[in-house]
């Protein structure tokens with residue numbers, strides 16, 4: 001961890017520490033910070049634990065999340081059996097813009113993104129993702145949405161939801177908000193969406209084909225809400241814990257429509273852990289954002305164990321908001337994508353957040369066909385459609401479901 005990265009999260013606080021009998025002694029002004037620590041040997045773990053004021057989380061790979069004094073964090077980073085000490089950084093959602101007002105349910109339509117990647121050809125051939133599982137690592141999923149509820153499987157929350165959650169609407173379309181103290185709230189799962197982003201992403205990947213609203217890329221895949229963020233934000237440790245959880249569950253695909261500019265050792269470790277357990281990880285490349293370095297693909301998409309997805313328009317051009325780079329593996333539609341939102345409604349959003357679940361849904365279709373994560377990844381690359389963009393913009397091309405199953409029309 002470099003000094004800039006650490007001070008950005010912890011603050012340059014002038015705490016003083018001295019080494020005395022029994023260990024470190026701290027003056028009142030010492031700042032305690034939350035860090036992720038990766039260790040190479042058990043001796044490194046022992047050293048880290050001996051200095052921690054609190055063990056926030058232990059992982060099944062060689063890392064822990066700790067609270068400890070800032071001065072100790074700097075000392076710990078220099079120890080030979082420690083791989084990294086990094087601030088428990090914040091990640092961002094990769095939605096660029098809401099491009100339409102919320103709309104109530106209407107007769108089912110196939111969203112332009114599903115059409116563009118030729119998902120309909122697969123559905124008409126009986127290829128719907130039945131038996132595959134897609135984990136949506138996000139702000140949760142709206143558990144009451146009629147276009148999602150039939151496909152929802154087990155979920156888990158690693159981040160607490162905010163106090164107010166939209167769960168339904170009354171007869172005149174007014175949103176019903178259930179407060180955290182309300183009796184009805186006990187019926188909601190801990191992974192209930194309190195933001196809207198995760199519900200929109202889930203609908204793209206796997207909204208059910210029920211004759212109303214929208215249909216997802218894999219309309220019979222099981223969707224698992226892994227809540228790693230909320231209205232309040234997304235922490236790296238929660239993301240890593242969510243990824244590890246998906247690996248331990250043996251689910252097929254994990255979608256991560258989130259990212260940060262700088263790499264996170266604990267998230268990178270978690271991605272390797274899950275990938276080696278058979279999970280195909282798919283992540284959004286990130287969006288152009290004023291004040292940030294727009295020349296690099298965001299993490300976790302930039303990791304080798306993750307498929308990095310850029311966004312295209314409906315006509316196959318690069319979306320103006322999409323980040324690009326050599327890490328891009330596939331492209332998918334990400335502009336004006338119509339999908340589910342909490343409260344039973346629908347809305348069009350844009351962003352690489354919307355592109356990634358198209359690839360996750362396509363991966364689910366392949367893995368339902370008994371392909372491994374490595375085989376499905378290879379097949380998606382081999383059958384992607386070259387739309388004439390640079391390799392840094394489209395990678396191997398725009399994902400194409402019909403080609404992946406030999407169903408070209």
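FRET efficiency for residue 317 and residue 58, Cβ-Cβ distance as r, R0 = 45 Å, nearest 0.05? Write down the numbers at each step before the final one.
On the way: r = 46 Å, r/R0 = 1.03.
Step by step, r from the Cβ atoms, then E = 0.45.
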For the pair residue 262/residue 292, report the inter-label distance in nm, with labels modelled 7 Å from Cα in the Cβ direction. 1.4
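To check you understand DSSP bridge types, tell me what percent of the beta bridges within segment 93-404 (both residues inside) are antiparallel, rounded to 5. Walk me through the numbers before you get to the answer.
Numbers: 21 of 49 bridges.
Counting DSSP beta bridges with both partners in segment 93-404, the antiparallel share is about 45 percent.
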Could you work out how far apart the two model spin labels at residue 42 and residue 79 are, taking each label as a point 7 Å from the Cα in the direction of the beta carbon, and quote it in nm? 1.5
tail above 18 Å in the computed P(r) of segment 275-382, as % of all Cα-Cα pairs, reads 50
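Relative contact order for segment 197-330 using alpha-carbon pairs under 8 Å, separation at least 6, rounded to a whole percent?
Working: 225 pairs, mean separation 22.9, N = 134.
Relative contact order for segment 197-330 comes out at 17 percent.
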The exposure ranking of 277, 156, fewest beta-carbon neighbours within 10 Å first, is 277, 156
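Report, to two decimal places, the Cα Rg of segment 93-404 normalised by 2.2 N^0.38 Å (N = number of residues). Present the calculation step by step, with values, prior to reporting the outcome.
Values: Rg = 17.4 Å, N = 312, 2.2 N^0.38 = 19.5 Å.
That ratio works out to 0.89.
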Take residue 248 and residue 90, extend 7 Å from each Cα along the Cα→Cβ direction, and tell me the distance between the two endpoints in nm. 2.8
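Can you put 284, 295, 310 in order of Cβ neighbours within 10 angstrom, beginning with the fewest?
Working: 284 34, 295 8, 310 31.
Arranged by neighbour count, lowest to highest, 284, 295, 310 become 295, 310, 284.
Which whole-number percent is the relative contact order of segment 93-404 (Cα, under 8 Å, 6+ apart)?
Details: 911 pairs, mean separation 80.0, N = 312.
This gives 26 percent for segment 93-404.
Neighbour counts of other C-beta atoms within 10 Å: give me 91, 323 arranged from fewest to most. Show your work: numbers first, answer last.
Working: 91 23, 323 30.
Listing 91, 323 from fewest to most nearby Cβ atoms yields 91, 323.
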What whole-number distance in Å separates the alpha-carbon centres of segment 48-87 and segment 349-367? 35
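Taking the highest mean first, how do the peptides 126-134, 225-233, 192-200 order by number of other beta carbon atoms within 10 angstrom per residue? Each step should come with its number before you reach the end.
Numbers: 126-134: 21.2, 225-233: 23.1, 192-200: 27.7.
Packing proxy ranking, top to bottom: 192-200, 225-233, 126-134.
Read-outs: derived from the displayed coordinates by stated rules, not from any lab. On a predicted model such as this, the values are computed, not experimentally measured, just so you know. Because the Cβ atoms are built from the backbone with ideal geometry, glycine has one as well, and the counts that use them run over all protein chains shown.
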